[in-house]
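In what follows, a single structure is set out as structure tokens and then discussed.
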Amino acid sequence: MTTFTDPPKEPTFRLSMLIYDTRYRSLTIQCVALMGFMLLAAWLINNTIVNLATLGKPVDFGFFRDPASYDINQRLLEYTSRDTHLRASFLGLLNTLLVAVLGCVTATVVGVVVGVLRLSRNWLVARIMAVYVEMFRNVPVLLWIVLALAILIESLPKPSDFRGEDPAATMALFDSVAITNRGVYIPEPLFSRSLGEVYLLGESSLRFAVSLDLFLILAVLSASILTVRWNLSRAKRVQELTGERPVTWHVTTGLLFGPTVAVLVALGFHLGYPELKGFNFTGGTHLRNSLIALWLSLSLYTAAFIAEIVRGGILAISKGQTEAASALGLRSNRIMSLVILPQALRVIIPPLISQFLNLTKNSSLAIAVGYMDLTGTLGGITLNQTGRELECVLLLMLVYLGISLCISAVMNWYNRTVKLVER
């Protein structure tokens with residue numbers, strides 16, 4: 001005889017279940033902890049604001065509208081000492097981003113090369129790379145920055161050495177580059193039939209000019225790259241269908257360079273070379289020694305750590321991969337570029353992100369050599385002139401946090417694109 005019983009009914013929800021029911025207890029504890037943290041943060045912020053108001057220094061960001069009254073020697077946009085503190089801070093941010101981008105690119109290239117050469121079978125090459133890694137990563141980066149600046153100032157010729165019938169120094173690269181103890185002067189791109197500039201954000205402190213010539217060149221180059229990618233994908237489809245890959249190098253070269261060269265010719269592209277006039281060089285683009293010293297020091301210092309990351313990633317790949325590739329007839333350089341490094345990227349990328357973040361934050365040491373980055377403008381002269389320590393430091397922290405989060409987001413996206421697809 002079979003007896004049918006009704007399924008047990010779910011108990012109705014009671015407030016006591018938030019504490020005694022294991023299904024809700026952990027959530028209750030987390031909500032209480034979050035509320036406690038938020039209350040503590042609110043109390044600290046309110047206490048700070050009240051105390052500053054009592055001292056006659058209420059939180060106020062109006063100082064950004066006051067004239068900065070100081071100069072920025074290395075800058076990407078137009079600037080005068082009559083501009084506001086906000087524009088000075090904006091130019092400092094651009095200088096920070098410039099060093100971060102240049103440093104990350106250079107450190108990655110040098111680090112990958114050194115990391116691969118450390119595994120070379122040539123004993124001398126491997127030992128030289130080991131000495132480079134140990135020397136750079138065991139000395140504080142600030143000392144490397146100061147040393148690099150001292151070498152540039154003391155060892156390079158003065159502008160006056162380029163003067164005379166028999167000068168003590170001459171310009172390099174067909175008299176187009178002047179390397180002096182005041183910096184490096186390189187040719188600047190000019191257009192005889194320029195399309196002009198467009199100022200964004202009007203007359204605000206964050207205004208900046210966008211070159212229509214550069215915009216057109218980048219647009220044409222981007223379209224060329226997309227067309228080349230489409231052509232390569234088409235060739236790949238043909239290869240999958242017929243087994244033969246059509247020759248694409250001539251089409252790729254023409255699509256990649258042809259439209260861009262045509263635009264440059266139409267705009268009347270030419271180079272403006274630096275010339276010695278008076279006591280210094282004029283014309284061209286001036287890269288100051290402070291920028292060069294900071295860029296090279298941060299790059300070489302970070303590259304030493306990246307080299308060890310690359311070496312560890314390569315060693316993490318089984319030797320069987322190399323042996324299998326060799327059995328297929330691939331040469332050593334092709335094995336490294338086509339087989340080993342693509343697999344090692346999943347090991348290399350995560351710690352590489354930390355090195356990029358460290359390089360970006362270490363760029364704040366630029367103040368030691370007089371390079372006016374964000375720390376030198378907002379966290380240095382602006383802070384001292386206005387006396388707004390809390391506002392300047394908080395904004396400085398938020399900006400560096402934003403830059404770091406952006407770098408992490410981009411590198412994490414790239415990490416997801418190169419990770420192995422599991423089936």
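The values are calculated or read from the model by the stated rules, or taken from the named source; none is laboratory data. What you are looking at is a predicted structure, and each value in this text was computed from that prediction instead of being measured. All Cβ positions, even for glycine, are placed from backbone atoms using ideal geometry, and neighbour counts span all protein chains on display. For accessibility, only protein heavy atoms count, side chains too; no ligands or nucleic acids. Shrake-Rupley method; radii C 1.70, N 1.55, O 1.52, S 1.80 Å.
A few notes on this one:
- Residue of Leu264, Leu91, Leu365 that the Gaussian network model of the chain assigns the largest fluctuation, springs spanning Cα pairs under 10 Å: Leu264
- Potential extension, Arg137-Lys319 segment - 0.36 nm per residue separation minus Cα distance: 62.7 nm
- For the stretch 260-351, the relative contact order is 22 percent, taking Cα pairs closer than 8 Å that sit 6 or more residues apart in sequence and dividing their mean separation by the residue count.
- Note: relative contact order over the chain, using C-alpha pairs below 8 Å and six or more positions apart, is 22 percent.
- Accessible surface, the chain, averaged per residue in Å² (probe 1.4 Å): 62 Å²
- Taking the Cα centre of the chain as reference, the dipole from Cβ charges on Lys and Arg (+1) and Asp and Glu (-1) amounts to some 1400 debye.
- Distance from the Cα centroid of the stretch 71-99 to that of the stretch 354-423 is 16 Å (rounded to whole angstrom).
- Placing pseudo-labels 7 Å out from each Cα toward the beta carbon at Gln30 and Leu241 gives an inter-label distance of 5.2 nm.
- Most tightly packed first, judged by the mean number of other beta-carbon atoms within 10 Å of their residues, the peptides 280-286, 310-316 read 310-316, 280-286.
- Under the simplified labelling scheme, the Glu154-Ser81 pair shows an inter-label distance of 3.1 nm, with each label point 7 Å from Cα along Cα→Cβ.
- Computed from the Cα positions only, the extents of the stretch 142-245 along the three principal axes stand at 66, 47, 39 Å, in decreasing order.
- Cα gyration tensor shape of the chain, rounded if a/c is under 1.5, else prolate or oblate by comparing a/b with b/c: oblate
- Estimated FRET transfer efficiency (Arg121, Lys57; beta-carbon r; R0 56 Å; 0.05): 0.30
- Potential lengthening between Thr48 and Leu271 on full extension [0.36 nm per residue; Cα-Cα distance subtracted]: 74.8 nm
- Long hydrophobic helices in the chain: the complete DSSP H runs spanning 18 Å or more by Cα along their own axis with mean Kyte-Doolittle hydropathy of at least -1.0 are 22-54, 85-117, 123-137, 141-155, 212-242, 249-266, 289-315, 341-362, 389-418.
- Note on Glu389/Arg229: beta-carbon distance plugged into 1/(1 + (r/R0)^6) with R0 of 51 Å gives a FRET efficiency of 0.50.
- Taking the 1.4 Å solvent-accessible surface of the stretch 169-311 as the whole, the part contributed by carbon and sulfur is 68%.
- Extension gain for the segment Asp175 to Arg346, taken as residue separation times 0.36 nm less the Cα-Cα distance, is 57.0 nm to one decimal.
- Here the stretch 312-381 exposes an accessible surface that is 58 percent carbon and sulfur, computed with a 1.4 Å probe and the other protein chains kept in place.
- As a calculated quantity, the FRET efficiency between Asn412 and Asp166 at R0 = 60 Å, using C-beta atoms, amounts to about 0.55.
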